[in-house]
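Report on the following structure.
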Amino acid sequence: MELLNPAFVILLVKITVSVLPGILGIYLMIMSEESKRALRNRFCNRLFGVSNAILYTTFERALLIIGIVGLLLSAVASWFLLIAGML
């Protein structure tokens, strides 16, 4: 008897691909304002060399859009990889 069945490993990869974008999306949407500002400052420092190159409202809107896209990607991946694979 094999310790790890290849079908089980494939199922774990499918679950990971289905769940991680949703978790990232939820995290980006519910981050505190201080965390969002710190993330913006780090991002701007690395990309532009100054900490306030991008307006906070624009950055917050972009994080919200990325979070929603992550949730949608998670839902679509769940449907195609897990549910449709069982039919």
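Nothing in this text is a laboratory measurement; each read-out follows from the coordinates by a stated rule. Everything quoted here is computed from the prediction, not taken from an experiment. Every residue, glycine among them, receives a Cβ derived from its backbone with ideal geometry; neighbour counts consider all protein chains shown.
Numerical summary
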quantity	calculated
Label zone at Leu82, where the point sits 7 Å out along the Cα-to-Cβ direction: region 1-41 residues whose backbone N lies under 18 Å	7-27
Label point distance in nm, Thr58-Ile30, each placed 7 Å from Cα along Cα→Cβ	3.0
Linear extension gain, Ile68 paired with Val9, 0.36 nm per residue minus alpha-carbon span	18.4 nm
222 nm mean residue ellipticity, helices alone, for the chain (DSSP H n ≥ 4; -39,500 (n - 2.57); rounded to 500)	-25000 deg cm²/dmol
Contact order normalised by residue count of the chain, Cα under 8 Å, 6+ apart, percent	45
Region 33-87: equivalent-ellipsoid semi-axes (sqrt of 5 x gyration tensor eigenvalues, Cα, Å)	35, 10, 8
Loop sites in region 1-55: chymotrypsin sites (Phe, Trp or Tyr not before Pro), DSSP, at most 12 other Cβ within 10 Å	none
